[in-house]
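Participant: Handing you a structure now.
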Amino acid sequence: QYPTRSINPIKNIFKNEPYYNKITFLSNESVFKKALKEKPYAEIFSDQFGGAFGHFTDYSNTLIAQNVAKTLLELTD
């Protein structure tokens, strides 16, 4: 899902699948919304391709990588 949007529509796609409880859904929504309050838009997105989001910068790629790493650590502890 796009980084500033809820992952609930994605979850709903899979909600009736027998493997639903085995899926780890990772949301970047709060991470990006927080970053947008703290940093200039241009530091996070290089354009406004999607209106409320755009193509990633090195900084936004780092936000995603850190969120993935945090989630993986939580899953393996």
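Participant: I'm told ASN67 meets every condition in (1) of a type in the set (S, T, N, Q); (2) touching a helix residue (DSSP H, G or I) at 6+ places or on another chain (Cβ under 9 Å); (3) in a loop (DSSP other than H, G, I, E, B) except one. Can you identify the failing condition by its number?
Facilitator: Looking at each condition in turn, ASN67 falls short on (3).
Participant: To continue, here is another question. From THR24, THR62, THR57, grab the single residue that is within 12 Å of the chain's Cα centre (by Cα) and among the hydroxyl-bearing types (Ser, Thr, Tyr).
Facilitator: Testing whether each residue is within 12 Å of the chain's Cα centre (by Cα) and among the hydroxyl-bearing types (Ser, Thr, Tyr) leaves just THR62.
Participant: Of all residues in the range 15-50, which are open to solvent by less than 50 Å² (accessible area, probe 1.4 Å) and assigned to a loop (DSSP other than H, G, I, E, B)?
Facilitator: The answer is SER27, ASN28, GLY50.
Participant: Shifting gears a bit: Conditions first: (1) touching a residue at least 60 places away in the same chain (Cβ under 8 Å); (2) open to solvent by 90 Å² or more (accessible area, probe 1.4 Å). ILE64 passes all but one, so which condition is the exception?
Facilitator: Of everything listed in (1) touching a residue at least 60 places away in the same chain (Cβ under 8 Å); (2) open to solvent by 90 Å² or more (accessible area, probe 1.4 Å), ILE64 misses just condition (2).
The values are calculated or read from the model by the stated rules, or taken from the named source; none is laboratory data. Keep in mind it's a predicted model, so treat the numbers as computed, not measured. So basically every Cβ, Gly included, is an ideal-geometry build from the backbone, and we count neighbours across all protein chains shown. Note: accessible area is taken over every heavy atom of the protein model, side chains too, but ligands, DNA and RNA are not part of it. Shrake-Rupley method; radii C 1.70, N 1.55, O 1.52, S 1.80 Å.
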